[in-house]
1. So Val195 fits all but one of (1) touching a residue at least 24 places away in the same chain (Cβ under 8 Å); (2) farther than 20 Å from Leu119 by Cα; what number is the exception?
2. Please go through region 210-229 and give me each residue that is in a loop (DSSP other than H, G, I, E, B) and touching an Asp or Glu at 6+ places or on another chain (Cβ under 9 Å), ordered by number.
3. Would you check if Leu185 is away from the ligand (no atom under 12 Å from the Cβ) and open to solvent by less than 10 Å² (accessible area, probe 1.4 Å)?
4. Would you pick out the residues in region 121-132 that are more than 11 Å from the ligand (Cβ to nearest atom), open to solvent by less than 40 Å² (accessible area, probe 1.4 Å) and not acidic (Asp, Glu)?
5. So which residues in region 365-386 are crowded, with 17+ Cβ neighbours inside 10 Å and more than 7 Å from the ligand (Cβ to nearest atom)?
6. Against the condition more than 21 Å from Asp234 (Cα to Cα) and either more than 16 Å from the chain's Cα centre (by Cα) or not in a loop (DSSP other than H, G, I, E, B) (or both), how does Gly100 come out, does it pass?
7. Please determine, by comparing only the residues of region 139-181 that are within 15 Å of the ligand (Cβ to nearest atom) and of a type in the set (Phe, Trp, Tyr), which one is surrounded by the fewest Cβ atoms within 10 Å (Cβ to Cβ).
8. Could you tell me which numbered condition Glu135 fails, if it satisfies all but one of (1) open to solvent by 40 Å² or more (accessible area, probe 1.4 Å); (2) within 12 Å of the ligand (Cβ to nearest atom); (3) without any contact (Cβ under 8 Å) to a residue 40 or more places away in the chain; (4) touching a strand residue (DSSP E or B) at 6+ places or on another chain (Cβ under 8 Å)?
Amino acid sequence: MDLRDRPEDEAFRKEIRGWLGAHVVGEFAALGGRGGSGDETFGFEVRLEWEHVLAADGWTCIGWPETYGGRGAPIAHQVIFNEEYVKAGAPGRVSILGEGLIGPTLIQYGTKEQKDRFLPPIRRGTELWCQGYSEPNAGSDLANVQTRAERDGDEWVVTGQKVWTSLAHQSDWCFVVCRTEPGSLRHKGLSYLLVPMDQEGVEVRPIQQLTRTSEFNEVFFDGARTAADNVVGDVGDGWRVALATLAFERGVGLLGHQLSFRRELDRLVAMARVNGKASDPVIRQRLARSYAELEILRFNTLRSLSGIDGPAAPPEASISKLFWATWHRGLGELALDVMGPAGMVTGGFPYDLDEFQRTFLFSRSETIYGGSNEIQKNIIGERVLGLPPEPKGQLR
Ligand SMILES: Cc1cc2nc3c(=O)[nH]c(=O)nc-3n(C[C@H](O)[C@H](O)[C@H](O)COP(=O)(O)OP(=O)(O)OC[C@H]3O[C@@H](n4cnc5c(N)ncnc54)[C@H](O)[C@@H]3O)c2cc1C
């Protein structure tokens, strides 16, 4: 694989770098690139406005086909976009679930009417989405979903509980996996519904996290309604659509991730130099190891992305997910060791976290969401290495 920019890549890099240089100014620059994972409540209103600025010049949804308002950007350009975005310190995106998950799912499985209705406001950043998959008894074991939907005339009526629903409190719509065939088991009888959040039958209760912010929520559907047409794919065939969305979840966003990790590591090394920890041989060795592992992550991510031509990631992307989540959790632990006793002290009341304290606490969740480490290992074992499948219980 040749990792150098081709002339057309260079031109694209120059274009996006120039655009970001001219637009990441004022209140957008003042956010300092914040608002990413674990920090999503930070500067929300300004970040929402930023989404509209990006959209106005066609810099949202660049990987979508042009027919649907995207740029049809190849993977190489999406990678460049993500790299330059992080380098420019541009604000954390607010519409990641719309652009990266439900948008591509609708492009693949939606009807023309659904595409016409839902894709433009995602692209403009005027409608935000959340993902209604997990339930108290359905996380890794998603096929155990119990939330149900019944037809009532021209509508579906949805009843049940979702949990850990990121950004539900800021979302206009939720894509909900629910059971539409009473008595059905496991993967059968599920459907993929699009449900408006602003209605009486939907209650969103924030869950406070270790980081003291509430990025995710419990969502209760109690007779919530949505139009009969708002089902993606066939009724009863929701499992297939749900899996397609999961494949989009592990796509090109990963490279931007890697670059923001690099900046974080650079800041940690700078801190270790200033507070003298850089002369501790064990800390030095751990910093060097983090650097080397990050390079491995970068090459591996490029390798797995170079083999694909669409937004869905191949099973090999599980290697990157397992690796980055574990790496970042380790970085949080290393950061607290570099900070020493200062890492134990917080400002404000009850507590405000600095960057590394937030990393230390939030990174605990990264080995869980988007498929836990154990689930990634199962995927790698079964779908990448071709090992025998894990033993299944009676109901599977
Ligand atoms: C920050 C954050 C944001 C999230 N956002 C969303 C969201 O927006 N929408 C949404 O629907 N969900 C969301 N989730 C939920 C997330 O998808 C689930 O937490 C995850 O799938 C794990 O499910 P669980 O929490 O039920 O744990 P469980 O599935 O109960 O797992 C418990 C433990 O058992 C292990 N385990 C389970 N099954 C196996 C197996 N077969 N083999 C080996 N080990 C196994 C797991 O690895 C884990 O260690 C979010 C979670 C977090 C932490």
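1. (2)
2. Those that are in a loop (DSSP other than H, G, I, E, B) and touching an Asp or Glu at 6+ places or on another chain (Cβ under 9 Å): Thr211, Arg212, Thr213, Glu215, Ala228, Asp229.
3. no
4. Within region 121-132, Pro121, Ile122, Gly125, Leu128 qualify.
5. Matches in region 365-386: Glu366, Thr367, Gln376, Ile379, Ile380.
6. Criteria met by Gly100.
7. Filtering region 139-181 for residues that are within 15 Å of the ligand (Cβ to nearest atom) and of a type in the set (Phe, Trp, Tyr), the one surrounded by the fewest Cβ atoms within 10 Å (Cβ to Cβ) comes out as Trp164.
8. The one condition Glu135 does not meet is (1).
The values are calculated or read from the model by the stated rules, or taken from the named source; none is laboratory data. Predicted model only: the values in this text are computed from it and were never measured. With ideal geometry, Cβ positions are generated from the backbone for all residues, glycine too; neighbour counts draw on all protein chains shown. To get the accessible areas, we keep the full protein, side chains included, count just its heavy atoms, and leave off ligands, DNA and RNA. Shrake-Rupley method; radii C 1.70, N 1.55, O 1.52, S 1.80 Å.
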